[in-house]
Amino acid sequence: MISIKMKKLVKNNSVIREMFEEGKRLEKIYGKENVYDFSLGNPSVPAPKEVNKAIIDIVNNEDPLVLHGYMSNSGYEDVREKIASSINKKYATNFSYKNLIMTVGAASGLNIVLKSILNPTDEVIVFAPYFSEYNNYIENYDGIVKVVNPNKETFEPNLIEFEEKINSKTKAVIINTPNNPTGIIYKEETIRKIASILEKKQNELKNSIYLISDEPYRELVYENIEVPYVTKYYNNTMIVYSYSKSLSLPGERIGYVVIPNELEDSSEMIDAVTIANRIIGSVNAPSLIQKVIANCLDVKTDIECYKKNRDLLYDIVKECGFDCVKPEGAFYLFVKSPIEDDKKFCNIAKEYNLLFVPGSSFSCSGYVRIAYCVSYEMIQRSQKAFQKLAMEKKWKLHN
């Protein structure tokens with residue numbers, strides 16, 4: 001019999017994945033071209049050609065026993081040094097290879113950080129709406145999730161409620177900007193205020209409170225908006241990064257954690273996170289893709305496709321009378337449901353072969369997430385379905 005903890009996790013299986021599977025079912029019935037699956041945040045832009053070239057060059061030229069062998073749990077030193085230098089050049093930071101741990105994507109990065117810092121009943125604050133897997137990661141180490149409700153006008157964090165929820169059990173705060181599911185980028189002023197509140201509370205409570213910045217969408221930014229590099233504003237910050245979106249490599253599972261020297265007891269934390277990498281079963285990040293990344297640090301995915309998709313889908317949604325804050329980054333629209341029950345609205349949308357994810361999955365009911373990392377042609381084809389949904393009588397009866 002499975003454990004009590006796993007029973008809960010199985011019961012709360014990702015709604016996003018369920019909608020994705022539902023899309024496959026509908027495609028068999030109606031044909032792929034007649035189903036408009038906006039459920040999954042899977043990059044629709046191919047990985048840059050430089051990535052494939054790097055894979056071939058490395059496999060052809062490196063000693064296979066070294067290439068496919070074990071290395072330090074924190075990853076290859078030369079790879080980490082190259083990444084640290086790249087970060088320093090972009091953001092005027094001062095990291096070395098010692099400040100980086102290579103990870104199996106951002107999910108693994110978050111897990112090894114949380115495993116390293118959480119004792120049972122420690123609290124982790126998250127800002128709604130947020131990626132629902134945070135709940136599983138935190139509860140996996142017997143932590144308690146504390147949710148700060150959103151400011152639904154801007155979807156910037158509600159800092160008054162945030163300060164009120166910090167207490168002696170608060171161990172960490174997770175932020176995600178550009179944000180999944182809203183696409184909002186936290187302004188520098190917001191990051192400064194979060195840092196100020198945390199500094200104040202650390203002094204009052206005599207406890208360390210860690211700020212964990214989850215950054216898989218850092219490079220997916222439109223209109224040249226700057227994403228603040230959070231270690232500059234608060235010493236007890238750890239960055240969790242993934243190349244899944246920036247290089248369209250979600251299946252390769254590669255990322256890293258940054259632990260600055262300024263973080264309290266940073267050497268001890270680096271050791272803990274490195275050992276946690278082994279303890280949770282990852283052992284180390286995949287060797288081949290580490291070396292590929294080191295050769296592709298100046299390569300960028302063409303995000304103009306996402307911007308083009310965003311602009312078209314946003315116009316369609318607004319023209320149909322739905323309310324939505326225009327995203328500044330990532331590849332999601334967070335659209336206000338015309339009825340309070342967002343799950344019911346998603347079910348009604350399915351009748352038109354439109355697949356959305358309910359906002360309640362992100363702890364923000366009354367909204368739906370629409371992922372526009374799809375083909376431009378699919379968005380064009382979906383326009384009539386959106387128009388029919390807008391005229392739907394069923395949800396109008398609920399108002």
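Observations
- Between the listed residues 286, 353, 70, the Cα displaced farthest toward the positive end of the dipole of the chain, a dipole computed from Cβ unit charges relative to the Cα centre, is found at 353.
- About its Cα centre, the dipole of region 34-111 is roughly 320 debye, where the only charges are +1 on Lys and Arg Cβ and -1 on Asp and Glu Cβ.
- The ranking of 66, 273 from fewest to most other beta carbons within 10 Å of each one's beta carbon is 66, 273.
- Close amide H partners of residue 211, meaning residues 5 or more places away or on another chain with modelled amide H under 5 Å apart, are 173, 237, 238.
- Against the compact-protein benchmark of 2.2 N^0.38 Å, the Cα-based radius of gyration of region 49-294 scales to 1.00.
- Under DSSP loop assignment and at most 15 Cβ neighbours within 10 Å, longest GluC sites (Glu not before Pro)-free interval of the chain: 63-152
- The string of couplings for region 263-278 from the Karplus curve (6.51, -1.76, 1.60, θ = phi - 60°) is 5, 4, 6, 4, 4, 5, 5, 4, 4, 5, 5, 5, 5, 4, 4, 6 Hz, one whole number per residue in order, with x for Gly and Pro.
- Cα-only Debye scattering, region 107-173: base-10 log of I(q)/I(0) at q = 0.15 Å⁻¹: -0.46
- With θ taken as phi - 60° and the Karplus curve 6.51 cos²θ - 1.76 cosθ + 1.60 applied, the whole-hertz 3J(HN,Hα) list for region 181-191 is x, 8, x, 6, 10, 5, 5, 4, 4, 5, 4 Hz, x standing for glycine and proline.
- Residue 340-residue 377 FRET efficiency (beta carbon distance; Förster radius 45 Å; 0.05 resolution): 0.85
- Using bins of 10 Å that start at zero, the share of Cα-Cα pairs per bin across region 35-167 amounts to 9, 22, 31, 26, 10, 2, in whole %.
- Per the Kirkwood formula applied to alpha carbons, region 319-370 shows a radius of gyration over Rh ratio, Rg over Rh, of 0.95.
- Sequentially through region 72-88, phi angles give Karplus couplings (6.51, -1.76, 1.60; θ = phi - 60°) of 3, 4, 8, x, 4, 4, 5, 5, 5, 5, 5, 5, 4, 5, 5, 4, 4 Hz, Gly and Pro residues having no value and appearing as x.
- Taking other C-beta atoms within 10 angstrom as a stand-in for reagent exposure, 98, 115 fall in the order 98, 115, fewest first.
No lab work stands behind these numbers, since they all come straight from the coordinates. In this text, all values refer to a predicted model and were calculated from it rather than measured experimentally. Methodologically, a virtual Cβ is constructed for each residue, glycine included, from the backbone with ideal geometry; neighbour enumeration extends over all protein chains shown.
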